[in-house]
Each structure stands twice: as C-alpha cells, then as structure tokens.
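The values are calculated or read from the model by the stated rules, or taken from the named source; none is laboratory data. Note that the structure is a prediction, hence the values are computed from the model and not measured. Cβ: placed from backbone, ideal geometry, glycine included. Neighbour counts: every protein chain shown. In case anyone asks, the SASA skips ligands and DNA or RNA and just uses the protein heavy atoms, side chains included. Shrake-Rupley method; radii C 1.70, N 1.55, O 1.52, S 1.80 Å.
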Amino acid sequence: MTYEQREPRTEYVDTIVIGGGQTGLTVGYELAQRKVDFVILDANERVGDAWRKRWDSLLLFTPARYNGLPGMGFPAKADQYVSKDELATFLERYAEVNDLPVRSSTRVTRLRFDGETYVAEAAGRELRSANVVVAMADYQAPNVPDFAPDLDPDIVQMHSTQYKRPSQLADGTVLVVGLGNSGADIGLELTKTHTTYISGKPGTVIPFHIEPWFGRNIGVRLVRFAAVKVLNTSTPIGRRVRPKMMEHSAAPLVRVKPADLVNAGARRVERVTGVEGGLPVLADGTLLDVANVIWCTGFRSEFDWIDLPVFDDRGRPVHDRGIVHGQPGLYFCGLGFLHALWSETLSGMPIDARYVVDHLASMRQEVMTG
C-alpha cells in the first residue's frame with residue numbers, strides 16, 4: 001500500500017525492513033514466521049518494479065526450480081527459464097499471499113540512531129524501531145564514466161538500466177561498453193538490428209551453455225552448489241576467495257559467451273578510455289564513429305542516506321554475515337558475497353535472510369526476557 005499522508009508523523013515499530021525486492025520480502029517472511037512486528041519500506045510503486053523496469057528480453061540465469069522463495073515455489077516448469085516480468089508477478093503474489101506489510105512509494109532518505117532507537121526518515125515522517133534490516137544490494141546507482149557527457153549530443157547514449165529494447169536506438173552503429181552479463185545479453189540482442197561493437201574484457205566465463213538439457217539439469221546445479229555451498233565464509237576456500245571477489249566484483253558470464261557475440265556478428269574492441277571530438281576513444285587510440293552508446297558499466301554504492309559509522313574506507317558496510325556487531329540491531333541482507341558467492345541471488349539470499357532474522361529474533365528475545 002501507499003504510505004498515506006494522514007498517518008502520524010512519528011510511528012514506532014519493532015523492526016524496519018528497507019527494500020521491498022526479493023530480499024526484503026524474504027526477510028519479511030522470516031520475521032512473520034517468528035511473530036516479529038515489522039514493516040517493509042520500498043521506494044517503488046509496486047512490488048516487483050525493480051524487475052519490471054529492466055530490458056524486455058531479460059531472462060533469469062537459473063531455472064524455475066531455483067527461483068521460488070521460502071514457503072512458495074515458482075509457478076512454472078522446473079527447468080524453464082523465466083522472464084523478468086514473470087518474476088515481478090511472482091514477487092507481487094508472494095507479498096499478497098503472505099500478507100507482508102509493504103509500504104510502496106516510500107523512499108527512506110535518512111537512517112540514524114538517536115541513542116535509543118533507530119530513526120528512518122521517509123515521506124516527511126519518522127519511523128522509530130529497535131531493529132533495521134537494510135535489504136538492498138551493494139550497488140543501486142548507475143555508474144557511467146565521467147567523460148560520458150562529452151559525447152556528441154547527437155549520439156544516443158543510455159545506461160543499461162534505461163535500455164528496454166532495440167527500437168529505442170537510432171539507426172546506425174551501437175557501442176556497448178562493458179562485457180559483463182548485461183553487456184553480453186544486450187549486445188547479442190542488438191546484433192539482430194544494428195552493427196554492434198562490444199568494448200571490454202570478461203572475467204570468468206561459465207564453460208557451458210545453460211539452455212540445453214545438460215545446462216538446465218546438471219550444469220546450473222553444479223554451479224549453484226559451488227556458489228552457495230562451497231564458496232562461502234564458512235569454508236577455507238570461500239574465505240580465501242571472498243576478498244578477491246569483493247575487489248574484482250564482475251560476475252561470471254553465464255548465458256552469453258564472448259564467442260557467441262562474435263558468431264552473431266558483433267565486433268570486439270578495446271576498452272573506452274575517453275572522448276575526443278565528441279566520439280568515444282579506445283585504448284589503442286581508435287575513434288569510433290557510432291550513433292549509439294550503451295553503458296553496461298555497472299553500479300556504484302548509494303548508502304549515503306545511512307548516517308551511521310558502519311562503513312569501511314571504500315564505503316562498504318562492515319558486517320559479519322549481515323550482522324553489524326558495532327551497531328547492535330542493524331543488519332544488511334542482499335549484499336554481494338554477504339556469506340556466499342551467490343548471496344545476492346534467489347538461490348543464495350534466503351539462507352542469509354534466515355540467518356539474519358534468527359540473530360535478530362534471538363537478540364530481541366534476550367532483551368524481552370533480560
């Protein structure tokens with residue numbers, strides 16, 4: 001529901017969950033199972049909007065069998081790859097079925113601690129609570145190079161968050177900057193309608209295609225096992241790998257491989273280093289005369305609304321599996337490699353949500369009985 005203007009300016013609730021995507025909903029479900037009074041605050045107009053707003057052809061990387069949430073499986077054939085709109089509909093239904101108290105169109109603009117309670121400022125009001133779960137990913141704000149505004153104004157440019165379909169673009173050549181999963185997926189789609197350049201180098205590449213029988217039924221299962229059960233903070237190898245993965249945050253290429261792009265007609269080029277005469281310049285000095293640029297250059301952290309001393313010198317939350325020991329009652333869930341390599345995915349996140357809520361409920365019980 002929308003946060004009505006007539007509600008009191010100050011409200012008290014035991015636990016505030018900030019973010020109403022799959023992470024916030026899962027945290028809410030776990031809180032409800034433990035009879036904790038809570039509210040979920042979300043900036044979007046509808047549950048699932050974060051997925052609805054992505055490009056039209058987007059499909060998830062995991063089959064439906066892995067896309068359910070606690071208490072509710074995904075309503076599709078087990079090995080089917082589902083669309084972003086199907087996931088958005090599922091999330092909205094999940095909130096309805098579990099009667100989760102989501103307040104949409106309610107953006108938290110500041111979170112602080114007044115010495116006794118947490119204070120979340122939203123829509124001109126204050127919500128006070130003993131506990132807060134920030135149920136959001138590390139990076140929310142689109143990241144584009146500083147030189148992007150120097151491109152010729154006649155060049156159509158957009159971040160991957162703004163891209164929906166090829167018809168948005170002008171006729172002529174398109175440069176896709178960034179070879180992560182978004183860049184690879186969007187780049188492959190654009191080869192059907194535009195001459196396409198792809199700039200950037202991929203990190204790890206999953207060594208099989210996920211659509212054939214092996215990929216759907218064996219390959220994805222093996223990758224999921226490794227990314228959730230093996231590469232986590234409870235294992236020696238997970239603890240060794242985590243700092244490197246945090247430093248180099250590019251996710252492995254899953255669906256589209258570099259060879260797929262080349263075979264479809266895309267041309268791989270050097271990284272973009274700047275703009276000269278209104279045109280993008282490559283590392284080898286080449287100027288590309290293009291009509292379109294799509295920045296698939298990731299995101300940056302946007303936690304500046306959290307007015308608490310809980311971040312390291314790089315602006316990342318300091319936590320232990322989502323528990324902020326230096327700020328009792330504050331938790332994070334949904335961050336990359338919070339506990340496992342796939343902590344931010346539908347496969348790994350529910351494990352973290354349960355762990356965080358178990359700790360929250362345990363601390364709450366100690367306070368009530370102490």
Find the residue count for the stretch 319-346, including only residues that are more than 23 Å from residue 129 (Cβ to Cβ), open to solvent by 10 Å² or more (accessible area, probe 1.4 Å) and more than 13 Å from the chain's Cα centre (by Cα). 2
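Yes/no per residue for (1) in contact with a Gly (Cβ under 7 Å, 6 or more places away or on another chain); (2) over 22 Å from residue 340 (Cβ atoms):
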| position | (1), (2) |
| --- | --- |
| 143 | yes, yes |
| 176 | yes, yes |
| 181 | no, no |
| 192 | no, yes |
| 236 | no, no |
| 240 | no, no |
| 244 | no, no |
| 252 | yes, no |
Qualifying residues in the stretch 162-177 (those that are surrounded by 16 or more Cβ atoms within 10 Å (Cβ to Cβ) and not aromatic (Phe, Trp, Tyr)) - the one nearest to residue 192 (Cα to Cα): 166
Let me spell it out: the conditions are (1) of a type outside the set (Phe, Trp, Tyr); (2) under 14 Å from the mean Cα position of the chain (by Cα); (3) surrounded by 24 or more Cβ atoms within 10 Å (Cβ to Cβ); (4) assigned to a loop (DSSP other than H, G, I, E, B), and residue 47 meets all of them except one. Which number is the exception? (2)
So in the stretch 144-179, with the set limited to residues that are touching a Phe, Trp or Tyr at 6+ places or on another chain (Cβ under 6 Å) and assigned to a strand (DSSP E or B), which one is nearest to residue 344 (Cα to Cα)? 159
Just one of the numbered conditions (1) more than 30 Å from residue 115 (Cα to Cα); (2) open to solvent by 70 Å² or more (accessible area, probe 1.4 Å); (3) assigned to a helix (DSSP H, G or I); (4) not acidic (Asp, Glu) is not true of residue 368; which one? (1)
For the stretch 256-276, what are the residues that are more than 28 Å from residue 209 (Cα to Cα) and touching a residue at least 40 places away in the same chain (Cβ under 8 Å)? 272, 274, 275
Working carefully through the options 175, 169, find the one that is aliphatic (A, V, I, L, M) and touching a His at 6+ places or on another chain (Cβ under 9 Å). 169
Taking the stretch 55-95 and keeping residues within 26 Å of residue 188 (Cβ to Cβ) and of a type in the set (Phe, Trp, Tyr) leaves 55, 61, 66, 74, 81, 90
Just a yes or no: is a residue in the stretch 267-278 part of a helix (DSSP H, G or I), over 19 Å from the mean Cα position of the chain (by Cα) and modelled with pLDDT of 95 or more? no
Residue list for the stretch 73-94, restricted to those being touching a strand residue (DSSP E or B) at 6+ places or on another chain (Cβ under 9 Å) and not in a helix (DSSP H, G or I): 74, 76, 77, 78, 79, 80, 81, 82, 83
Please specify each residue of the stretch 208-226 satisfying the condition of being within 24 Å of the chain's Cα centre (by Cα) and more than 13 Å from residue 255 (Cβ to Cβ). 221, 222, 224, 225, 226
Give the residues of the stretch 95-118 that are more than 18 Å from residue 332 (Cβ to Cβ), open to solvent by less than 30 Å² (accessible area, probe 1.4 Å) and not in a helix (DSSP H, G or I), sorted by residue number. 100, 102, 103, 104, 106
Take the stretch 212-258 and flag every residue that is at pLDDT 95 or above, part of a loop (DSSP other than H, G, I, E, B) and not hydrophobic (A, V, I, L, M, F, W, C). 212, 233, 234, 235, 255, 257
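Let's see how each residue does on (1) farther than 12 Å from residue 293 by Cβ; (2) at pLDDT 95 or above:
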site	(1), (2)
123	yes, no
128	yes, yes
131	yes, yes
139	yes, no
148	no, yes
159	no, yes
For the stretch 127-143, which positions are surrounded by 18 or more Cβ atoms within 10 Å (Cβ to Cβ), assigned to a strand (DSSP E or B) and not β-branched (Val, Ile, Thr)? 127, 129, 131
Kindly indicate which of 146, 150 is among the charged types (D, E, K, R), open to solvent by 10 Å² or more (accessible area, probe 1.4 Å) and without any contact (Cβ under 8 Å) to a residue 40 or more places away in the chain. 146
